[in-house]
Structure formats: C-alpha cells, structure tokens
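Inspection log for the structure reproduced underneath, given as structure tokens.
What follows draws every value from the coordinates through simple rules; no lab data is involved. Bear in mind that the values here come from a model prediction, so they are computed numbers and not experimental data. As a convention, Cβ positions derive from the backbone with ideal geometry for all residues, glycine included, and neighbour counts pool all protein chains shown.
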C-alpha cells in the first residue's frame, strides 16, 4: 500500500528537521567556524528541502529493506535497521553534503575538499540521527495516516 500524503508530510517533518539541524550544526563545528550565524537557518532549510526531495524521489524504504535482506536480516529488526541505514545515509550525506558544501564554500575545487574532509563525521551524525528518529517518524506518520 502506497503511503498517503499525511504519512509523507509527517514522516518528512519528524525525520528531516532533526537531520537538517544536526547536519547544519555539525558541519561548521568540524571546520572550526561559528555555528550560530545568519546562514544557519538557510543551511537548515536547504538540508530539509534536500532531505525531503530525496525521500520523495528515491525509494529509500525499498533500499533500506533490500540492503537488510541482502545481509539476511529482517528489515524490522534492530540489526536490519542498522544495516538498512548504511546505504540510506550514504545517499543523504552525498547529496546534502555536496550541495551544502557548494553553497557554503562556493569555490569549485575547494568545496570538494571540504566535502571529502567532512564526509565521515557527517555520515556518522546522519546515521545516529536516522537510527533515533526513523522509528519515531514511521510511528508518527502511520498514526497520522490512520493506519
């Protein structure tokens, strides 16, 4: 059964707001820049919009479930959720990281080095946030959708 519009809205709000905030706060900390600048809200908005687009355009639930099944784990089990988050977070960090580094650094070769330098810590932050907020987002969205 395809998720309804209420499911998608609640799911994206509950998951993507913490993800966008965490990534927008972590990135400046990693490079020694001030976190609370006027640019912070713009970065959070960019992260939220990109995360929402990723969720709408890429079949993330199928990817997470498929990767867990490929590793012979039930996608709903704790090991299955951990394994499923591996490719999902990779997608999020690559897309959001590249765009946000391009927006913030604004120099063509420099933003790639900034992306490479922040990739692993940003991936870990994304992974932890997804592990915490994914089950909450699914429960809230399922309740909002009336399932």
Practice problem: Scan 67, 92, 127 and give me the residue that is in contact with a helix residue (DSSP H, G or I) (Cβ under 9 Å, 6 or more places away or on another chain), free of Cβ contacts under 8 Å to residues at least 40 places away in the same chain and either closer than 23 Å to residue 9 by Cα or in a helix (DSSP H, G or I) (or both). | Solution: 67
Practice problem: Report the residue count in region 21-39 for those that are without any contact (Cβ under 8 Å) to a residue 60 or more places away in the chain and in contact with a helix residue (DSSP H, G or I) (Cβ under 6 Å, 6 or more places away or on another chain). | Solution: 2
Practice problem: Filter region 95-114 down to residues that are within 17 Å of the chain's Cα centre (by Cα) and farther than 19 Å from residue 45 by Cα, then give me how many there are. | Solution: 0
Exercise. Go through region 40-89 residue by residue and tally those that are surrounded by 16 or more Cβ atoms within 10 Å (Cβ to Cβ) and closer than 20 Å to residue 106 by Cβ.
Key: 5
